[in-house]
Amino acid sequence: MTRRKLSFRYLRFAVVLFFVVSCQKNIDKPAPQEELSTSTNSDNNNGHLKQTKTFSSEVVLKWMDMQLRVIRTTAGMPPPTNSRFFAYSGIALYESVVNGMPAYQSLSDQLTALPEMPQTSPGAAYHWAACANAALAFMTKEFFPTTSTANKASIDSLENALNDVYKTEVNPQTFDRSTVFGKSVAQLVFDWSKTDGANHASDPYTLPVGPGLWVPTFPNNPAASTPYWGRNRLFDAASLNNSQPPLPPAYSTDPSSTYYKNMEEVYNVSQSLTVTQQATGFYYRDAPGYVSGGHYLSILYQVLQIENPSLEFSSVAFAKSGIAIADALIGCFQWKYKDVNGGPVTSTERPVTFIRNIMGKNWNTLFGTTPPHPDFPSGHSSTAGAAEVVFTHLFGENYGFINHTYDYLSMPPQSYTSFSDMAEQIGLSRLYAGIHTRYVCDVARVMGNKIAQNILNDVKFLKE
């Protein structure tokens, strides 16, 4: 009996010792990072280490819609400004969510002088839609400080409404971490934007004088607009490489010259415009509202609504499109005012000046005014060329769509069979309106194509 009791005691002691040691091993062994994150952030399965692609594009679409509303109702901004806002907002959006995109990388060491972005905390969960919301709200507020009180209230309301939803999807620590991160990214991007030279775009400018050079146009003779926009810092330092447009034909009043015939075509086309052509001309007047980048932001918004992709795709699309359109417009203005950028005088006159003064016609453009900067090259066509390349890259060849940008003005929508068709029609719209010659639209589109392709080749979003 004594031996049996001793054996039982030894057995019981061994079992107890086994469980104590096992428990001690479990306590001492560090949990895998993913388990720690899940344990720390679990809230009905919310707050895990999710990737950006698991979130919808809703936050991007809502902010695009808000930005478009603010753009068209905020006065006092020169035309190129919208392209600049488009680019910086896209970059802030992308950088606020790229850490949740394992295949992608920051643009900090690729875009000109873009500072290093804040780093996310290793192993900590982020709600990427909340990051995006904070970044886009910040950029919208900072870029439109003079917008109406009603617009400011709408901006705050949208930010708060989205945050109210996101707060229910993660724990407070994850939500706060996400909004702080998104805002910190936007702050760096906005501070970077203040050093690009845009604040000097309208510095005093003395017009070069000579036959065929640009002069303020009939009927209200506005001063030259943003003559130094071409000096703005490029987003991609290599974007303008080999993009130089061929110079326009030499000035001539000889009716048999190419120059004269180009101007004469503008007049002749204006005399037999169809209803459809007139509608196309008015559509890309882009006033009030979306001059330069704004119209392409609207088109991107509409296509993303149709496709309804992930937050990951939308952020890449926003950034690529904005960068290409902004650099295309900088390149365009370098040539419009080449004399202030270390080159020959290329500030060619507008058709209305030649047709009235040389051809002797009592004539004006389709909508009665002409944009206040030189004819060569076309701003609309350069940005259309850039958008054509990037949108095709994003959504494919032969992507047909209907442009509803000006439904709110009861203007008939414009239909396109592809983004190339879009760019061609935009160039023709300027000819129909009497704003540009066909030549300056054609070469500007090619220039925009080249600039956008340079950016797609040079700026690497995906890790290599």
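Nothing in this text is a laboratory measurement; each read-out follows from the coordinates by a stated rule. Only a predicted model underlies this, so the values are computations on that prediction, with no experimental measurement involved. Here Cβ is always computed from backbone atoms with ideal geometry, including for glycine, and neighbour counts include all displayed protein chains.
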Based on the alpha-carbon set only, what is the convex hull volume of the range 66-225 divided per residue, in Å³? 148 Å³
Across all Cα atoms of the range 324-464, Rg and the largest Cα-Cα distance (Dmax), in Å, are 16.8, 61
Could you give the radius of gyration (one decimal) and Dmax (whole number) of the Cα atoms in the range 171-214, in Å? 21.6, 69
Among I330, W214, A153 - extreme Cα towards positive end, dipole of the chain, charges at beta-carbon: A153
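Over all alpha-carbon pairs in the range 154-260, figure out the percentage whose distance exceeds 18 Å.
Numbers: 4231 of 5671 pairs.
It works out to 75 percent of all Cα pairs.
Counting only Cα atoms, I'd like the Rg/Rh figure for the range 410-464, Kirkwood definition for Rh. Kindly include the intermediate steps, with their values, before the conclusion.
On the way: Rg = 14.9 Å, Rh = 13.2 Å.
Ratio of gyration radius to Kirkwood radius: 1.13.
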Size of the dipole of the chain about the Cα centre, Lys and Arg at +1 and Asp and Glu at -1 on the beta carbon, nothing else charged, in debye to 20? 1480 debye
Could you give the nm distance between label points at T417 and A75, where each point is 7 Å from its Cα heading toward the beta carbon? 4.3 nm
Among H373, I426, T392, whose Cα sits farthest toward the positive end of the charge dipole of the range 329-438 (+1 at Cβ of Lys/Arg, -1 at Cβ of Asp/Glu, about the Cα centre)? H373
If amide H atoms are modeled at 1.01 Å from N in the peptide plane, then the residues at a separation of 5 or more from N403, or on another chain, having amide H under 5 Å from its own are Q414, S415, Y416
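Between beta-carbons, use under 14 Å as the cut-off and find the net charge around Y205, counting Lys and Arg +1, Asp and Glu -1.
Numbers: positive: R231, K336, K338; negative: D203, D339.
Surrounding charge for Y205 is +1.
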Peptides ranked, highest mean first, by Cβ atoms within 10 Å: ranges 347-354, 101-108, 293-300: 293-300, 347-354, 101-108
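Note down the magnitude of the dipole of the range 406-464 about its Cα centre, charges +1 on Lys and Arg C-beta and -1 on Asp and Glu C-beta and zero elsewhere, to the nearest 20 debye. Numbers along the way, then the final one.
Values: 6 positive and 6 negative charges, 35 e Å.
Using Cβ point charges on Lys, Arg, Asp and Glu, the range 406-464 gives about 160 debye.
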Listed candidates (i) 1.17; (ii) 1.00; (iii) 1.13 - label of the one calculated as Rg/Rh (Cα atoms, Kirkwood Rh): (i)
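Quick check: convex hull over the Cα atoms of the range 206-458, volume per residue in Å³, rounded to an integer?
Numbers: hull volume 31.7 nm³, N = 253.
Convex hull of Cα atoms, per residue: 125 Å³.
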Return P(r) of the range 177-325 (all Cα-Cα pairs; 10 Å bins starting at 0; whole %; ordered from short to long distances). 7, 20, 34, 24, 11, 3, 0
Spelling it out for Y104: with amide H atoms placed in the peptide plane at 1.01 Å from N, the residues 5 or more places away or on another chain with amide H under 5 Å from its amide H are K463
Taking H placed 1.01 Å from N in the peptide plane, check which residues at least 5 places from T348 or on another chain put their amide H under 5 Å from its amide H. W214, D375, F376
Using alpha carbons only: equivalent-ellipsoid semi-axes of the range 286-362, gyration tensor based, whole Å: 36, 19, 7
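Order 458-464, 416-422, 150-156, 330-336 from most to least packed using the mean count of other Cβ atoms within 10 Å.
Values: 458-464: 12.0, 416-422: 19.1, 150-156: 14.4, 330-336: 27.0.
By packing density, highest mean first, the sequence is 330-336, 416-422, 150-156, 458-464.
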So how strong a dipole does the range 245-385 carry about its Cα centre when Lys and Arg Cβ are +1 and Asp and Glu Cβ are -1, to the nearest 20 debye? 260 debye
Alpha carbon centre of the range 392-456 versus the range 185-260: separation in Å? 20 Å
The chain, relative contact order [Cα under 8 Å, separation at least 6], %: 22 percent
Subset of K152/K460; K194/K320; K152/K338 violating a 30 Å alpha-carbon distance limit: K152/K460; K152/K338
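Can you tell me the length gained on complete extension of the stretch D407 to R233, counting 0.36 nm per residue apart and subtracting the Cα distance?
Values: separation 174, 0.36 × 174 = 62.64 nm, distance 3.49 nm.
Taking 0.36 nm per residue and subtracting the Cα distance, the gain is 59.2 nm.
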Taking the dipole about the Cα centre of the chain, with the C-beta of Lys and Arg at +1 and of Asp and Glu at -1, give me whichever of I355, Y439, S382 is farthest to the positive side. S382
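Please find the FRET efficiency linking K194 to S154, where r is the Cβ-Cβ separation and R0 is fixed at 25 Å, and quote it to the nearest 0.05. Numbers along the way, then the final one.
Details: r = 25 Å, r/R0 = 1.00.
So, using R0 = 25 Å, E works out to roughly 0.50.
Can you list which of the DSSP-assigned H helices in the chain have a Cα extent of 27 Å or more along the long axis and an average Kyte-Doolittle score of at least 0.0?
Result, helices passing both filters: 2-28, 311-336.
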Distant alpha-carbon pairs in the range 73-142 (separation over 19 angstrom), percent: 41 percent
Checking rank on 50-63, 436-449, 389-402, with mean other Cβ inside 10 Å and highest first, the result is 436-449, 50-63, 389-402
